[in-house]
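Please read the structure below before turning to the comments.
The values are calculated or read from the model by the stated rules, or taken from the named source; none is laboratory data. Note that the coordinates shown come from a computational prediction; the quantities given were computed from them, not determined experimentally. All Cβ positions, glycine included, derive from the backbone under ideal geometry; neighbour counts span all protein chains shown. Remember, those area values only see protein heavy atoms, side chains included, never the ligands or the DNA or RNA. Shrake-Rupley method; radii C 1.70, N 1.55, O 1.52, S 1.80 Å.
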Amino acid sequence: MSGGDHVARLQEQWRAERPDLDVSPLGVVGRLHRLAAALTRELEAVYAQHGLSEGDFDVLATLRRSGADLTAGELAAATMVTTGGTTKRLDRLEGAGLVTRRTSETDGRGRVVALTDAGRRVIDAAFSDHVANEHRLVGQLAAGDAAALERILREWLAHHEAPADVRAPR
């Protein structure tokens with residue numbers, strides 16, 4: 001087997017075993033899949049420095065950038081997590097003193113979630129470090145490649161997602 005990365009080796013093996021198939025898409029999809037996992041590990045390391053999981057960061061960032069209190073349902077939709085999963089995250093964040101839940105002023109049955117002062121401080125610090133980390137990661141690309149890659153990924157992703165809500169994650 002020749003050198004190359006893991007995906008190249010897989011493609012070579014499949015070409016030998018299934019020469020009737022064009023396995024070139026594995027080069028793109030396989031590398032994207034492996035890169036997404038590697039990037040997630042890099043992002044999670046920064047969240048952990050602030051005592052946050054990826055889900056915690058997502059909830060706090062959604063609240064912070066929204067500029068307003070949100071219902072649990074709005075948070076669930078924005079973070080693409082079930083309401084049950086959102087409730088668990090909110091329980092944990094409330095226990096840590098980072099968010100509060102209170103009865104809605106417009107719907108006595110509903111509850112809204114807000115950042116506490118401590119929650120705002122934590123997410124502001126975590127988000128600053130997150131952005132610096134993403135600059136570092138994107139900085140691994142050659143000049144101009146980041147903009148080209150963003151355009152390509154935006155176009156491709158548009159085929160697989162509905163238009164993003166203004167409160168979409170991160």
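All conditions but one from (1) touching a residue at least 40 places away in the same chain (Cβ under 8 Å); (2) open to solvent by less than 50 Å² (accessible area, probe 1.4 Å); (3) touching a helix residue (DSSP H, G or I) at 6+ places or on another chain (Cβ under 6 Å) apply to Gly55; the one that does not is (1). Restricting Leu115, Leu149 to those that are of a type outside the set (Lys, Arg), touching a helix residue (DSSP H, G or I) at 6+ places or on another chain (Cβ under 8 Å) and open to solvent by less than 80 Å² (accessible area, probe 1.4 Å) reduces the list to Leu115.
Within the stretch 1-44, restricting attention to residues that are β-branched (Val, Ile, Thr) and under 23 Å from the mean Cα position of the chain (by Cα), the residue that is farthest from Leu157 (Cα to Cα) is Thr40.
Of all residues in the stretch 135-146, those satisfying the criterion of being surrounded by 11 or more Cβ atoms within 10 Å (Cβ to Cβ) and without any contact (Cβ under 8 Å) to a residue 40 or more places away in the chain are Arg136, Val138, Leu141, Asp145, Ala146.
Do the conditions hold for Arg102, that is, is it over 16 Å from Gln49 (Cα atoms) and over 23 Å from the mean Cα position of the chain (by Cα)? In short, yes. Scanning the stretch 58-88 for residues that are open to solvent by 60 Å² or more (accessible area, probe 1.4 Å) and closer than 29 Å to Gly139 by Cβ yields Arg64, Arg65, Met80.
Of all residues in the stretch 89-112, which are of a type in the set (D, E, K, R) and surrounded by fewer than 13 Cβ atoms within 10 Å (Cβ to Cβ)? Give the derivation first.
So the first thing to find is which residues in the stretch 89-112 are of a type in the set (D, E, K, R), and the list is 89, 91-92, 94, 101-102, 105, 107, 109, 111.
Matches in the stretch 89-112: Asp91, Arg102, Glu105, Asp107, Arg109.
Screening Ala114 against (1) farther than 27 Å from Gln49 by Cα; (2) outside any loop (DSSP other than H, G, I, E, B); (3) touching a strand residue (DSSP E or B) at 6+ places or on another chain (Cβ under 9 Å) leaves a single unmet condition, (1).
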